[in-house]
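The values are calculated or read from the model by the stated rules, or taken from the named source; none is laboratory data. All of these numbers come straight from a predicted model, not from anything done at the bench. Note that we place each Cβ from the backbone using ideal geometry, even for glycine, and neighbour counts take in every protein chain shown. Only protein heavy atoms, including side chains, enter the accessible area calculation; ligands, DNA and RNA are left aside. Shrake-Rupley method; radii C 1.70, N 1.55, O 1.52, S 1.80 Å.
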Amino acid sequence: MTEQIDLTVDFAGIMLANPVLTASGTCGYADELTEFMDVAGLGGVVTKSITLAPRKGNPTPRIVETDAGMLNAIGLANIGLERFVSEKIPVLQRLGTAVFVNVAGQMIEDYVAVAERLAQEKVVSGLELNISCPNVKQGGISFGTDPTLIREIIGAVKKVCGDKPLIVKLTPTVTDISATARAAVEAGADALSMVNTFTAMVIDIETRRPVLANRTGGLSGPAIKPIAVYLVNRVYQEVAKPAGIPILGGGGIRNATDAVEFMIAGASAVTIGTATFIQPNTALHIIDGIRQYCTRKGIRSVAELTGTLR
Amino acid sequence: MENGVAVRHKGVFTAEVLSNQQIRECYYRLNLVLDPIGSRFFEHVVPGQFLEIDLSGLSLPPERHIPAELRDIAARQVLLRRPFSFSDVVTTPTQDGPCVKLEIVYCVLGPATLRMMTLKSGDVLSLIGPLGNGFKIFQTLKLAVLIAGGMGAPPLLHLGGYLRRHFPAVETICFAGARSCEDLPFTLKIGNLTGLVVDEFDTLGVASQVATDDGSAGFKGFVTDCVRHWLENHTIKPEETMIFACGPEPMLAGAARLAADFGLACQVSMERMMACGIGLCQSCAIEVNKGKADETEYKLCCKDGPVFDSRNVIFQVQP
């Protein structure tokens, strides 16, 4: 009889059954995943980005495969706040796992409106703010690359979140990720989520045009994992650990070894993204693998792993 | 759905390779037998549905077997699963439930299908399926006009066999087109009355005609022009006729226009790059009319399709 491993994690005040979540944009509204696994076995799900008005998304091609990764430019296609609340919230209530809703927008007012409405929903454990979107009012510059804008948006959203923790998802496409992380924490972020995809391009050499209709897309998959692990460790050391803020880490995780790497680097919980496309129940296998790792290493509580890089 | 667990219509299964044979040029025929649980899910598959195969673990064929045009990119890694339709599905009842055998016709055109060449009897593959919605057969159907373009042929071969088995009263004719004779995934032969026919359809008892853009076999010109010619010379009842088309998008747009010109209903099987095939990634968007004038929306090729009513689709390329 093996000793029971405690897989629970206190993430910004939310008790998760285990530290493995499915990442935003890779598990739909979580309802699509239920045909492939018992979602209740997850630590939680992060829904795709919800915007105030419905969004059709970009023309196709929206994805292209690369060596050890893929680019996507979906364009935040989603059914909008109103339909999300009426159609998807009731489904999410039956999942039996923690639900984090990813929030996106084009103006600070959009973010505030979506966050304020979702904060009233009991089933929503917390909000994940996607600040990698272009800011329409400021000529399309991304909210997430400018510390001043980050403070402004988080300050405004935090006021309407009530008791729901606000997780800020950082873009890695910046010169100094600690500067943007620090801005987020100072403005009231309860947790950091990292990393979003890396801006990238694939060119069709026959036509000399980008393959994606959007020209550029976000690179995800195993190709970005070592960079993501480095960035998580850097932000953990420089910002998150001193501030006592947890990190939701991810980027190219395919197996339990990858997930444990992120936790050692400083993540309190991890997200599984692209790997779910290939094997829909990858996250459950990863939970098993983490349990085995803890048993092998004599770790009684998985939370002890976070930030143990020597 | 109850307690977070859905009624399952699809899943991740394994299939064992029975055979993997080269048909001609770049075309291969892969025969698989599904595991017992998978067989139950695939028992009622209809033509036009598809599956996703994980090919990431396969190794490259020896260099001498790699086509010259693929050598430069052969070593590129395969990460995502690849979608395939079926050219035939056969269910055999056994004591332990159904046993389903799938036939897939594929074309070697990239790093993933290049690796498929190495599959041999006894190999085991992971697949997700059955996926999407197939062709719909209406009770009023008396004449089925199949239009196959190049690699779009396999699901129509499945449809041809399916109609013979389940709707024997439906008259079926297939028009198979390609740029050139060697781009046809079929064996051609001289028919009794009509000139060149496709052997695979002939075997099923389905009439067929061949068209090539360059005239290297059959009708010279686009396959849709060949069908137009045929429709002009036959008396057809629109309410009893349906066009079923699968092929490159310009050909599907051509089939849609043809159907509109003759007042016929038409189902097109669309194709998009997809990362997952199960509605998660949202990458395989197809623009469709919303019902209201000038309003469109995106549907997903994997979940809402791949078969669509041609009147609803906004084609990205014109015929």
*Using a Gaussian network for chain B with springs between C-alpha atoms less than 10 Å apart, which of these wobbles most: B:Val45, B:Val206, B:Val12?*
B:Val12
*Please give the solvent-accessible surface of B:Ser56 in Å², to the nearest 10, using a probe radius of 1.4 Å with every protein chain present.*
50 Å²
*Once amide H atoms are placed 1.01 Å from N in the peptide plane, what residues at a sequence separation of 5 or more from B:Phe219, or on another chain, have their amide H within under 5 Å of its amide H?*
B:Val210, B:Ala211, B:Thr212
*Would you list which lysines come within 30 Å of B:Lys101, measuring only between C-alpha atoms, while excluding same-chain residues fewer than 8 positions from it?*
B:Lys10, B:Lys120, B:Lys136, B:Lys142, B:Lys189, B:Lys303
*Excluding ligands and nucleic acids, what accessible area in Å² is computed for B:Lys220 using a 1.4 Å probe, to the nearest 10?*
140 Å²
*Note down the accessible area of B:His65, probe 1.4 Å, to the nearest 10 Å².*
90 Å²
*Once you put a point 7 Å from the Cα of B:Glu25 and another 7 Å from the Cα of B:Ser216, both along the Cβ direction, what distance in nm separates them?*
0.5 nm
*asked:* Could you derive backbone 3J(HN,Hα) for the stretch B:213-227 from the dihedral phi with the Karplus parameters 6.51, -1.76 and 1.60 (θ = phi - 60°), listing whole Hz in sequence and x where the residue is Gly or Pro?
replied: 4, 9, x, 5, 8, x, 4, 8, x, 5, 4, 5, 5, 4, 5
*What accessible area per residue comes out for the protein assembly as shown, rounded to a whole number of Å², with a 1.4 Å probe?*
42 Å²
*In chain A, what percentage of the DSSP-assigned beta bridges are antiparallel, given to the nearest 5?*
40 percent
*Could you compute the FRET efficiency for B:Ser121 and B:His44, with r as their C-beta to C-beta distance and R0 at 30 Å, rounded to 0.05?*
0.65
*Cα centre as origin, Lys/Arg/Asp/Glu Cβ charges: chain B dipole, Debye*: 280 debye
_Explain nothing, just compute: Karplus ³J(HN,Hα) = 6.51 cos²θ - 1.76 cosθ + 1.60, θ = phi - 60°, for every residue of the stretch A:173-189 in order, whole Hz, x for Gly and Pro._
7, 9, 6, 10, 5, 5, 5, 6, 5, 5, 4, 5, 5, 5, 7, x, 4
*Which ³J(HN,Hα) values in Hz, rounded to whole numbers, follow from the phi angles of the stretch A:16-21 under the Karplus curve 6.51 cos²θ - 1.76 cosθ + 1.60, where θ = phi - 60° and Gly and Pro get x?*
9, 5, 7, x, 10, 10
*Under the rule of -39500 (n - 2.57) per DSSP H run of 4 or more residues, summed and divided by the residues of chain B, what mean residue ellipticity at 222 nm is obtained, to the nearest 500 deg cm²/dmol?*
-5000 deg cm²/dmol
*Rank A:Thr66, A:Thr175, A:Pro280 by how far each Cα sits towards the positive end of the charge dipole of chain A (+1 on Lys, Arg Cβ; -1 on Asp, Glu Cβ) and give me just the farthest.*
A:Thr175
*Out of residues 5 or more away from B:Phe175 or on other chains, whose amide H comes under 5 Å of its own, with H placed 1.01 Å from N in the peptide plane?*
B:Leu146, B:Ile147, B:Ala148, B:Gln209
_Could you report the buried accessible area between A and B, both sides summed, computed with a 1.4 Å probe and given in Å² to the nearest 100?_
3400 Å²
*With +1 on each Lys and Arg Cβ and -1 on each Asp and Glu Cβ, how big is the dipole of the protein assembly as shown about its Cα centre, in debye rounded to the nearest 20?*
620 debye
_Pairwise label distance in nanometres, B:Thr92 with B:Gln318, each label 7 Å out on the Cα-Cβ vector_ = 5.2 nm
_Test of understanding: in a Gaussian network model of chain A with alpha carbons linked when under 10 Å, which of A:Ala181, A:Ala267, A:Ala119 would top the mean-square fluctuation ranking?_
A:Ala119
*Percent relative contact order of the stretch B:143-264, based on C-alpha pairs within less than 8 angstrom and at least six residues apart?*
30 percent
_If the elastic network links every pair of Cα atoms under 10 Å, which of A:Gly28, A:Gly266, A:Gly249 fluctuates the most in the Gaussian network model of chain A?_
A:Gly28
